[in-house]
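Notes follow the structure.
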Amino acid sequence: LPGVLKLYIGMPVVLKHKNLNTELGITNGAKGFIRKLELGSDVNGFTYCIGALVEFPNSKVELDGLPKGVYPIKPRRWQYNAFIFNEENQQILVSVSRFQVPFEPAFALTGQSAQGYTLAFVLCLLHLGGYGAY
């Protein structure tokens, strides 16, 4: 079940995981920029991210050997259970897990996720609907 998330240096990302370090400002929803990617390849030729250096400009991070604001992010294990039906139409429980970096692209924000941000410019597509006005 390979999924693809194209990553590149300089890409804006949002951390989507539990708070990694609240004192330093590396928290769920923190916005950053990819500064380096370490990649690996599996036996099927799929490229995957082993780790990333992400700059969080609003953080207090100062780690030896890294520029100010840069924090190493490693993939996390995500697991969930689901019920599926087998060939005999019997419901069975399966457990699915994967490793992935705990961030997502930050090119767009919902109204809820943008709360608390100070944004210099905002483009809103109000004619699409499907949300409540604030």
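The values are calculated or read from the model by the stated rules, or taken from the named source; none is laboratory data. Small disclaimer: the values here were computed from a predicted structure and weren't measured. Counting neighbours? That spans all protein chains shown, and the Cβs are built from the backbone with ideal geometry, glycine included. These accessible areas exclude ligands, DNA and RNA; they are computed on the full protein's heavy atoms, side chains included. Shrake-Rupley method; radii C 1.70, N 1.55, O 1.52, S 1.80 Å.
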Provide the net charge surrounding residue 70, with neighbours chosen by a C-beta distance below 10 Å and charges set as Lys +1, Arg +1, Asp -1, Glu -1.
+1
Cross-link partners among lysines for residue 36, C-alpha distance below 18 Å, same-chain residues fewer than 8 apart left out?
6, 68, 74
Roughly speaking, what is the stretch gain from residue 127 to residue 88, that is 0.36 nm per residue apart minus the C-alpha to C-alpha distance, in nm to one decimal?
9.3 nm
R0 = 35 Å: FRET efficiency of residue 95 with residue 36, Cβ-based, nearest 0.05?
0.60
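Given Cβ point charges of +1 (Lys, Arg) and -1 (Asp, Glu) and nothing else, what value in debye, to the nearest 20, does the dipole of the chain about its Cα centre take?
That gives a dipole near 300 debye.
Take every Cα pair under 8 Å in the range 1-68 that's 6+ residues apart, average their separations, divide by the length, and report that relative contact order as a whole percent.
Taking the mean separation of contacting Cα pairs over the length of the range 1-68, I get 26 percent.
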Read phi for every residue in the range 77-83 and hand back ³J(HN,Hα) as whole Hz from Karplus 6.51 cos²θ - 1.76 cosθ + 1.60, θ = phi - 60°, with x for Gly and Pro.
8, 10, 9, 8, 10, 8, 9
Only Cα pairs under 8 Å and at least 6 apart count here; give the relative contact order of the chain as a rounded whole percent.
19 percent
Excluding ligands, DNA and RNA, what is the solvent-accessible area per residue of the range 1-79 at a probe of 1.4 Å, expressed in Å²?
67 Å²
One quarter of the C-alpha convex hull surface, i.e. the mean projected area of the range 34-95 in nm², amounts to 7.2 nm²
Compute the distribution of all C-alpha to C-alpha distances in the chain, in bins of 5 Å from 0, and list the percent of pairs in each, rounded to whole numbers.
2, 8, 15, 17, 15, 13, 12, 9, 5, 3, 1, 0
